[in-house]
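Since the structure comes first, as structure tokens, the remarks are kept for the end.
The values are calculated or read from the model by the stated rules, or taken from the named source; none is laboratory data. Quick caveat, the model's predicted, so the values are computed rather than measured. Quick reminder, even Gly has a Cβ in these numbers, built from the backbone with ideal geometry, and neighbours come from all protein chains shown. These accessible areas exclude ligands, DNA and RNA; they are computed on the full protein's heavy atoms, side chains included. Shrake-Rupley method; radii C 1.70, N 1.55, O 1.52, S 1.80 Å.
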Amino acid sequence: MNSQPVTLYPSRQFKDNARAALADTELRGSLRSAMDFLMAKRSSAFPDTDELDALRTLGEAIRQRCLSRLPELLEQLEERLTANGVTVHWAETPAQANAIIHGLVAARNGTLMVKGKSMVSEEIELNHHLEAHGIQALESDMGEYIVQMAGEKPTHIIMPAIHKTKAQIARLFHEKLPDTPYTEDVDALIRIGRNALREAYLQADVGLSGVNFAVAETGTLCLVENEGNGRMCTTVPDLHIAITGIEKVVEKLEDVVPLYSLLTRSAIGQPITTYFNMISGPRRPGEKDGPREVHLVLLDNGRSQAYADQQLRKTLQCIRCGACMNHCPVYSRIGGHAYGTTYPGPIGEIISPHLLGLENTRDLPTASSLCGACGEVCPVRIPIPEMLMRLREESQRPAGEAVDHPLRGQGAAASTTEALAWRAWRRVYASPGTYRLFGWSATRLRALTPPTQAGWTQNHVPMTPAPKTLHELVREREARRKES
Amino acid sequence: MSARESILAKLRAAPKTALAHPDIAAHYQRFPFPDDPVGKLRHWARMMRSVKTEILWTDATHWPEALAEWADHRRPASLLLSDTPHGHQAAAALATRPTVPALRYFDSELDGWKEQLFHDVEAAFTRVRCGIAATGTLVLWPDAQEPRTMSLVPPIHIALFDTTTLHGDFHSAMHQENWAAGMPTNAVLVSGPSKTADIQLTLAYGAHGPRDLVVLAMLPDGISPAMLEEEGA
Ligand code: SF4
């Protein structure tokens with residue numbers, strides 16, 4: 001039998017997902033208090049606004065400089081890492097990345113992978129791929145571990161299990177882990193997770209991690225974390241595989257200093273995380289621990305599409321701090337699952353169209369009130385609202401129109417009715433006679449205004465024209481003035 | 001075309017803009033960490049304590065005693081040491097005490113005794129390369145003598161820190177020590193014992209790495225613990 005893999009795009013159902021999330025009062029409660037907490041923490045981490053402004057400007061300049069030299073820096077990174085004994089792989093698609101990683105694990109007959117936090121591994125759905133080949137991929141970040149055990153996906157890029165209450169987690173551990181009593185004590189819950197995972201580090205054949213910054217100058221992979229699971233995954237198993245998007249490369253070692261500070265303070269309001277782990281190679285002769293093999297997988301998956309356009313390239317400045325989510329009035333009401341994408345919130349709205357195509361993400365650029373909060377808090381000053389406007393434009397641009405940098409799924413949100421309406425609008429406004437006629441009939445026939453007006457009347461009262469046009473009112477006023 | 005060539009070709013075909021590398025050092029000169037040894041130490045200690053680090057003020061001569069006293073009080077069942085002069089000094093000081101933890105040196109490749117490290121070692125003692133005042137941080141530079149897992153796997157990590165190596169901020173540590181000239185296999189910044197807030201944003205220590213971090217902070221002549229613990233410190 002020929003079985004075709006079925007790909008589901010939950011991102012296509014954004015509007016339905018959002019409606020369901022809005023009705024979930026428990027979810028809304030946890031999100032609201034979590035977002036309030038994270039916003040307060042962030043602002044207290046930047047007491048000096050001059051310093052914050054200068055640091056954001058510096059962060060932006062570093063990221064833009066590194067992106068301006070992206071191809072050269074990737075080559076330099078590869079060369080330095082290779083010299084340090086790390087093998088570098090390149091993947092254009094998730095399928096290629098999965099095949100590379102599976103190949104490395106299979107080469108040592110591995111059956112258990114422990115995973116540090118890696119959004120890119122979620123992006124390529126690595127766990128499913130490995131499981132289909134009989135390899136267990138165990139998430140070891142506490143939040144990810146909980147979410148995986150619940151059979152869900154992370155709902156926030158920094159706090160994967162932010163939507164869950166401790167009672168829900170207590171029930172989950174009690175039901176899923178053998179001999180685990182029900183407890184809502186957070187210390188006890190963490191201890192349960194710690195003990196289970198420590199056995200896994202010991203047994204695992206391979207550790208997988210993401211990368212926060214890859215330094216071209218020295219061939220160093222930097223990982224930011226609090227828990228120590230990232231260090232475990234990159235230190236204890238004999239094989240370490242790191243995976244990252246091609247945009248994560250920075251030029252100099254000192255570039256990581258301001259970026260790291262912006263990251264931890266923006267993300268969770270901490271001056272620094274517990275660990276900043278800098279890996280520059282496998283175990284050297286004479287060293288007594290550490291993996292004997294280290295590999296880096298560099299993934300494109302649509303990033304080069306964003307890169308090709310100078311405006312959209314700014315999307316790639318992102319350091320994945322999650323601050324734009326925490327401050328987004330849409331995200332904080334619907335949470336991460338509704339977006340149906342690996343990256344939710346404002347950053348998800350601007351990066352997902354490149355990863356999945358506008359055909360699968362056409363509603364995401366509209367999931368914003370354009371209030372501007374995301375752009376204001378972004379530590380590397382990505383003008384997110386501007387990116388959203390541009391993506392809206394591209395999603396409406398007729399599919400056949402030739403442009404310099406066509407985006408995948410161009411015109412996905414274009415509708416014939418809308419196009420007709422705009423064409424009529426253009427006609428009316430281009431000729432004064434038609435315009436007057438239209439104005440006159442719209443005001444005189446206002447009683448006939450339809451009570452339901454497409455999407456508008458879902459949340460608003462119907463729009464009804466005034467009894468007279470503005471032109472008429474002004475004319476009347478002028479006439480009155482002359483008389484008096 | 002390979003994936004590598006194809007990705008690079010796409011990136012090269014994109015429009016180019018020449019941008020200068022920003023002056024990072026200038027930023028840290030504009031917002032420097034005040035260079036006063038006592039102020040730096042006070043701030044460092046306050047930051048480290050705010051994330052549950054225990055600091056024992058001592059000096060270059062008395063630290064073995066301070067370590068032994070800590071062990072008398074805390075009674076770790078076992079202690080992992082490095083085959084280094086300070087490792088041997090620690091062992092000698094502990095040997096004079098009424099109850100001595102089971103001592104073990106990290107003297108062979110981990111592969112042969114991984115299980116014991118995970119199950120039978122309660123504490124490990126290592127040296128620190130330098131410190132960072134602004135964020136309350138220790139910099140570890142593991143090597144063949146003091147491998148990476150020493151500061152990671154045992155539930156208690158005891159760190160020997162020469163406080164004269166305390167830098168103001170991360171940038172000056174990296175810059176003054178010229179890290180870019182040669183990075184070790186693994187270098188780690190450590191700011192407290194491992195922690196997580198992944199369950200309902202409630203902070204819990206002892207996530208996957210150490211539950212406790214104890215620093216034997218050696219003070220130079222001229223700085224006494226009293227100066228660091230004064231009112232307002
Ligand atoms: S877009 Fe900006 S605020 Fe959002 S995750 Fe990326 S760096 Fe953070």
| message | Suppose the chain between A:H128 and A:T183 were pulled fully straight at 0.36 nm per residue; how much longer would it get relative to their current alpha carbon spacing? | response | 16.7 nm
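Net charge near A:L77, counting Lys/Arg +1 and Asp/Glu -1 over other residues with Cβ under 13 Å of its Cβ?
Surrounding charge for A:L77 is -3.
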| task | Quote the FRET efficiency, to the nearest 0.05, computed for A:E418 versus A:E376 with a Förster distance R0 of 22 Å and r equal to the Cβ-Cβ distance. | result | 0.10
| Backbone N under 20 Å from the B:R74 label point (7 Å along Cα→Cβ), restricted to the range B:131-161 | B:131-132, B:136-142, B:146-161
| message | Nearest 100 Å² is fine: what is the total accessible surface buried where chains A and B meet, probe 1.4 Å? | response | 7800
| said: On a straight-distance basis, which aspartates and glutamates could pair with A:K166 in a cross-link, Cα separation under 12 angstrom, same-chain partners fewer than 8 positions away excluded? | reply: A:E184, A:D185, A:D187, B:D198
| said: Can you compute the label reach from B:A60? Point 7 Å from Cα along the Cβ direction, backbone N cut-off under 17 Å, restricted to the range B:172-201. | reply: none
| query | Taking only Cα atoms, what is the 0 to 90° angle, nearest 10, from helix A:70-84's long axis to the longest principal axis of chain A? | reply | 10
| Near B:K10, which aspartates and glutamates are there with a Cα under 13 Å away, not counting those fewer than 8 places off in the same chain? | A:E72, A:E92, A:D300, A:D309
| In degrees from 0 to 90, rounded to the nearest 10, what is the angle of the helix A:345-356 Cα long axis to the longest principal axis of chain A? | 80
| Per-residue mean of C-beta atoms belonging to partner chains within 10 Å, peptide B:108-118 | 3
| note | With a Förster distance of 41 angstrom and the Cβ-Cβ distance between B:S50 and A:A20, calculated FRET efficiency to the nearest 0.05 equals 0.50
| field | Solvent-accessible area of A:T93 with every protein chain in place, 1.4 Å probe, in Å² to the nearest 10 | value | 60
| field | Cysteines not pairable in the protein assembly as shown (beta carbon separation under 4.7 Å absent) | value | A:C66, A:C222, A:C233, A:C318, A:C321, A:C328, A:C371, A:C378, B:C130
| Accessible area (Å², 1.4 Å probe, nearest 10) - A:T434 | 60
| remark: Checked against a 22 Å limit on the C-alpha separation, the offending pairs among A:K248/B:K114; A:K248/B:K16; A:K15/A:K117 are A:K248/B:K114; A:K15/A:K117
| query | Roughly how tilted is helix A:25-45, in degrees to the nearest 10 and between 0 and 90, from the longest Cα axis of chain A? | reply | 80
| request: Note down the accessible area of A:H128, probe 1.4 Å, to the nearest 10 Å². | output: 110
| said: Run the reach check for A:K41 against lysines, Cα to Cα strictly under 19 Å, same-chain hits fewer than 8 apart removed. What comes back? | reply: B:K52, B:K195
| message | Rounded to the nearest percent, how much of the accessible area of the range A:347-410 (1.4 Å probe, protein heavy atoms only) is carbon and sulfur? | response | 52
| task | Calculate, for A:E75 and A:W440, the FRET efficiency according to 1/(1 + (r/R0)^6) with r their C-beta to C-beta distance and R0 60 Å; round to the nearest 0.05. | result | 0.35
| query | Considering the zone a paramagnetic label at B:A13 would reach in this model (a point 7 Å from Cα along the Cα-to-Cβ line), which residues of the range A:294-315 have amide N under 11 Å from it? | reply | A:305, A:308
| In nanometres, what is the gap between the two model label sites at A:R427 and B:V38, each 7 Å from Cα along Cα-to-Cβ? | 8.5
| remark: Applying the gyration tensor rule to the Cα atoms of the range B:84-224 (axes a ≥ b ≥ c; rounded if a/c under 1.5, else prolate if a/b exceeds b/c, else oblate), the class is rounded
| request: Please give the per residue accessible area of the protein assembly as shown, computed with a probe of 1.4 Å over protein heavy atoms only, in Å². | output: 42
| task | Tell me what chain B gives for mean residue ellipticity at 222 nm when only DSSP H runs of n ≥ 4 count, each as -39,500 (n - 2.57), the sum divided by the residue total, rounded to 500 deg cm²/dmol. | result | -9000 deg cm²/dmol
| request: Give the shape of the range A:186-231 as rounded, prolate or oblate, defined through the alpha-carbon gyration tensor: a ≥ b ≥ c are the square roots of its eigenvalues, a/c under 1.5 means rounded, and otherwise the shape is prolate if a/b is larger than b/c and oblate if not. | output: oblate
